[in-house]
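Let me begin by presenting the structure, written as structure tokens, before commenting on it.
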Amino acid sequence: MSEPAVVELVQAELAYGERSLWSGLDLAVEAGQFVAVLGPNGSGKTSLLKVLLGLTDLTSGTAQVMGRPVRRGSPRVGYVPQRHGFDVDVPLRGRDLVQLGIDGHRWGVRLPRRRHRDTIDELIEEVGASSYAHVPLGQLSGGEQQRLRIAQALATDPDILLCDEPLLSLDLLHQRTVVDLLHRRCRDHGTAVLFVTHEINPIVSVTDSVLYIVAGGFRHGPPETVMTTEVLSELYGSDVEVMRRGERIVVLGADEAAHHHEHDRHETVRA
């Protein structure tokens, strides 16, 4: 009997009142796959992650993780949230943040058992953060903080990592470091990655498929079949040009098309 998909959505719809973010969404993510989730602001990318985290219920359809309905707090699901800096005087150290991924759901403060200490050390070493694990978080760079967030997300050895704009505000060097960490986790452990982003170029070399969501419509498939002028123009309902310059993908007109599409939708609602 074959293993179930790590994530499977069947005819999934998410709506808020009369506004449907997406509907009829079928998506299967297999072990070790790296899936990029793209689209303009407000298209429902982060909402998709909230569904898989058990924080938001689908309007219709089904969502499963490892063949079971999604539930809040599942150890099978790791989460790397959008990056927010820590105040410089926050006393929390790097290893304290990682420890929260193991026992942060428990009430009260307790000393970690030896097994927990070993696990924390292994996670920190895996993401290359051993040299600053005891430094207060507010004194670390954005890239260093993001390594520790990834270690925290890996604390339960999840089957899938949900990453919400993990490269925001990082320079190119730290972006590359974070992408390499996640790709290595895919390759070596078979962990699937669902990676929400506005910019595909930092991850295009490691991306197996793209889920592109625009104003209720979507397309899923390999980057070379989704990131095309024809497909994106159809999704946006306006002219969008996709150009390739070496290994980079340049999308022209998407912002204007998204604004135009959103304006038309509001005019239709008012009518």
### Query
Which one is farthest from SER74 (Cα to Cα) among residues in the range 1-22 that are part of a strand (DSSP E or B) and of a type in the set (Ser, Thr, Tyr)?
SER20
### Query
Within the range 89-106, is there a residue that is without any contact (Cβ under 8 Å) to a residue 12 or more places away in the chain, over 17 Å from the mean Cα position of the chain (by Cα) and in a strand (DSSP E or B)?
no
### Hits in the range 60-73 - residues which are without any contact (Cβ under 8 Å) to a residue 24 or more places away in the chain and either closer than 14 Å to GLU8 by Cα or surrounded by 16 or more Cβ atoms within 10 Å (Cβ to Cβ) (or both)
ARG68, PRO69, VAL70, ARG71
### Message
Go through the range 158-176 and report how many residues are among the polar types (S, T, N, Q) and either touching a residue at least 40 places away in the same chain (Cβ under 8 Å) or not assigned by TED's automatic domain parsing to the domain that holds LYS45 (or both).
### Response
1
### Query
Taking the range 44-54 as the region of interest, how many residues are assigned to a loop (DSSP other than H, G, I, E, B) and either surrounded by 19 or more Cβ atoms within 10 Å (Cβ to Cβ) or at negative phi (or both)?
2
### Task
Give the residues of the range 122-142 that are part of a helix (DSSP H, G or I), touching a residue at least 12 places away in the same chain (Cβ under 8 Å) and closer than 18 Å to ARG185 by Cα, sorted by residue number.
LEU123, ILE124, GLU126
### Query
From the set of residues in the range 153-200 that are assigned to a loop (DSSP other than H, G, I, E, B) and of a type in the set (S, T, N, Q), which is surrounded by the most Cβ atoms within 10 Å (Cβ to Cβ)?
THR191
### Task
Please specify each residue of the range 44-54 satisfying the condition of being within 16 Å of PRO69 (Cα to Cα) and either among the acidic types (Asp, Glu) or touching a residue at least 12 places away in the same chain (Cβ under 8 Å) (or both).
LEU48, LEU49, VAL51, LEU52, LEU53, GLY54
## Note on the structure
Every listed condition ((1) surrounded by fewer than 16 Cβ atoms within 10 Å (Cβ to Cβ); (2) touching a strand residue (DSSP E or B) at 6+ places or on another chain (Cβ under 7 Å); (3) at pLDDT 90 or above) holds for ASP57 save (2)
### Task
List every residue pair whose Cβ atoms sit under 6 Å apart, with the two residues 6 or more apart in sequence or on different chains, where the first one lies in the range 178-202 and is within 16 Å of LEU148 (Cβ to Cβ) and the second, anywhere, is at pLDDT 95 or above and crowded, with 18+ Cβ neighbours inside 10 Å.
LEU182/VAL193; ARG185/THR191
### Summary
Going through (1) part of a strand (DSSP E or B); (2) closer than 29 Å to ARG187 by Cα; (3) not aromatic (Phe, Trp, Tyr) one by one, GLU224 fails only at (1)
### Query
When only residues in the range 1-41 that are in the same structural domain as HIS198 (by TED's automatic domain parsing) and of a type in the set (Ser, Thr, Tyr) count, which is surrounded by the fewest Cβ atoms within 10 Å (Cβ to Cβ)?
TYR16
## Note on the structure
For LEU211, the lone unmet condition from (1) under 19 Å from HIS84 (Cα atoms); (2) part of a strand (DSSP E or B); (3) not aromatic (Phe, Trp, Tyr) is (1)
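So that you can scan it fast, the table gives a plain yes or no per residue for (1) over 19 Å from TYR79 (Cα atoms); (2) modelled with pLDDT under 95; (3) not β-branched (Val, Ile, Thr):
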{"residue": "TYR132", "(1), (2), (3)": "yes, yes, yes"}
{"residue": "GLN139", "(1), (2), (3)": "yes, yes, yes"}
{"residue": "ALA153", "(1), (2), (3)": "no, yes, yes"}
{"residue": "THR191", "(1), (2), (3)": "no, no, no"}
{"residue": "VAL204", "(1), (2), (3)": "yes, yes, no"}
{"residue": "HIS220", "(1), (2), (3)": "yes, no, yes"}
{"residue": "PRO223", "(1), (2), (3)": "yes, yes, yes"}
### Query
Quick check: anything in the range 23-43 without any contact (Cβ under 8 Å) to a residue 60 or more places away in the chain and assigned to a helix (DSSP H, G or I)?
no
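State all residues of the range 181-201 that are under 25 Å from ASP157 (Cα atoms) and of a type outside the set (A, V, I, L, M, F, W, C); if no residue qualifies, say none.
Listed by number, the residues that qualify are HIS183, ARG184, ARG185, ARG187, ASP188, HIS189, GLY190, THR191, THR197.
The values are calculated or read from the model by the stated rules, or taken from the named source; none is laboratory data. Computed from a predicted structure; not experimentally measured. A quick note on method: Cβ atoms are made from the backbone with ideal geometry, for glycine too, and the neighbour counts reach across all protein chains shown.
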